[in-house]
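Data first, discussion second: the structure below is written as structure tokens.
The values are calculated or read from the model by the stated rules, or taken from the named source; none is laboratory data. The model shown is predicted, which means the values in this text are computed figures rather than measured ones. Glycine also receives a Cβ, built like all others from the backbone with ideal geometry; neighbour counts cover every protein chain displayed.
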Amino acid sequence: MKTVAVVVRDTAQQYEALRTSLGLLLESLNVQMYVLDHEIANMDEAYSENMEFLDEMEGERFSNNSANVEKYGFQHVTLEQVSRRLNEADIVIPF
């Protein structure tokens, strides 16, 4: 199974990155979403529900921002770990 890393650095693209991650999961790909350097800008009901769906579909979500880890249940990751995981991914999609 191919691994796709979705990297989110642009706060204006957070929702689109999450939607992309969900679509890739529906195609039976292993998806890892990384929200880097910022807190989720707008945690509304729709975003929260889509994150739950990502979890149910066994997608992974990581962040180097402690607020995302504490408030929203992301797995903590360092930039060094991100670098290593991006090198291991088959496809990297930046946002």
Condition check: within 21 Å of Thr3 (Cα to Cα), modelled with pLDDT of 95 or more and surrounded by 13 or more Cβ atoms within 10 Å (Cβ to Cβ). Does Leu79 satisfy that? no
Considering only residues of region 42-76 that are at pLDDT 95 or above and in a loop (DSSP other than H, G, I, E, B), which is surrounded by the fewest Cβ atoms within 10 Å (Cβ to Cβ)? Glu58
If a residue has to be buried (at least 19 other Cβ atoms within 10 Å of the Cβ) and in a strand (DSSP E or B) to count, how many in region 7-41 make the cut? 7
For residues that are hydrophobic (A, V, I, L, M, F, W, C) and within 15 Å of Thr3 (Cβ to Cβ), scanning just region 55-76, find the one that is farthest from the chain's Cα centre (by Cα). Met57
Glu80 without any contact (Cβ under 8 Å) to a residue 24 or more places away in the chain and outside any strand (DSSP E or B): yes
Cβ-Cβ below 9 Å, separation at least six or inter-chain, first residue in region 10-27 and at negative phi, second of a type in the set (Ser, Thr, Tyr): which pairs? Gln14/Tyr47; Tyr15/Tyr47; Leu18/Tyr47
Residue in region 1-51 that is nearest to Val77 (Cα to Cα), counting only those that are charged (D, E, K, R) and touching a strand residue (DSSP E or B) at 6+ places or on another chain (Cβ under 8 Å): Arg9
